[in-house]
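The values are calculated or read from the model by the stated rules, or taken from the named source; none is laboratory data. Predicted model only: the values in this text are computed from it and were never measured. Here the Cβ positions follow ideal geometry from the backbone for every residue, glycine too, while neighbour counts run over all protein chains shown. Accessible surface is based on the protein model in full, side chains and every heavy atom, while ligands, DNA and RNA are left aside. Shrake-Rupley method; radii C 1.70, N 1.55, O 1.52, S 1.80 Å.
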Amino acid sequence: AEDLLTAEQQIVDLDRRRNKNREALGAIRRAEVQGTKVWVCHGDMFIKNPIGLTQKQLQQEQGRLDTEVDRLRELVKSKASEMALLEERTDEAADFMHLKPMSARDAAGMFGGALPRHPQHEDY
């Protein structure tokens, strides 16, 4: 149970970092940054880096964070499943712990190659 709680807290912490990176990338993309260099926090120090390098580093970190969050989510699923087995729980919720989302390709195949539009979408 402790591993499960630790993994969930790590997911929350990584999501916060991901969101901060996303905000920084958005500011760079919208040209809200002045000059050719920006201050970047690396651990416990700040370094002035070129905008292009900073954007590349943020995108790489986003990829690493996405991978780590996905790994932790799978760990949470497996730990929760193990706990359900140890508790000899046979409720329906335990059966749904290992469901995977449908890919866009699978969804397109179900609808004859075209994905259905959301009713609130302007082009609907």
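At-a-glance table
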read-out	value
In order through the stretch 78-83: 3J(HN,Hα) via Karplus (6.51 cos²θ - 1.76 cosθ + 1.60), integer Hz, x for Gly, Pro	5, 5, 5, 5, 4, 5
Share of Cα-Cα pairs in the stretch 11-63 lying beyond 14 Å, as whole percent	54
³J(HN,Hα) computed for each position of the stretch 10-24 - Karplus, 6.51 cos²θ - 1.76 cosθ + 1.60, integer Hz, glycine/proline x	5, 4, 4, 5, 5, 5, 5, 5, 4, 5, 5, 5, 4, 5, 5
Rounded FRET efficiency, nearest 0.05, which uses the C-beta distance separating L5 from V40 and R0 of 30 Å	0.40
Area accessible to solvent at E82, 1.4 Å probe radius, in Å²	90
With DNA, RNA and ligands ignored, accessible area of D15 (1.4 Å probe; Å², nearest 10)	50
Amide proton proximity set for V33, modelled H, under 5 Å, gap of 5+	none
Under 5 Å, built H, 5+ apart or other chain: amide partners of V38	N49, I51
In Å, descending, principal axis extents of the Cα set of the stretch 1-90	61, 25, 16
The stretch 44-53 - phi-based ³J(HN,Hα) in whole Hz, Karplus 6.51/-1.76/1.60, Gly and Pro as x	10, 9, 9, 10, 8, 10, x, 4, x, 5
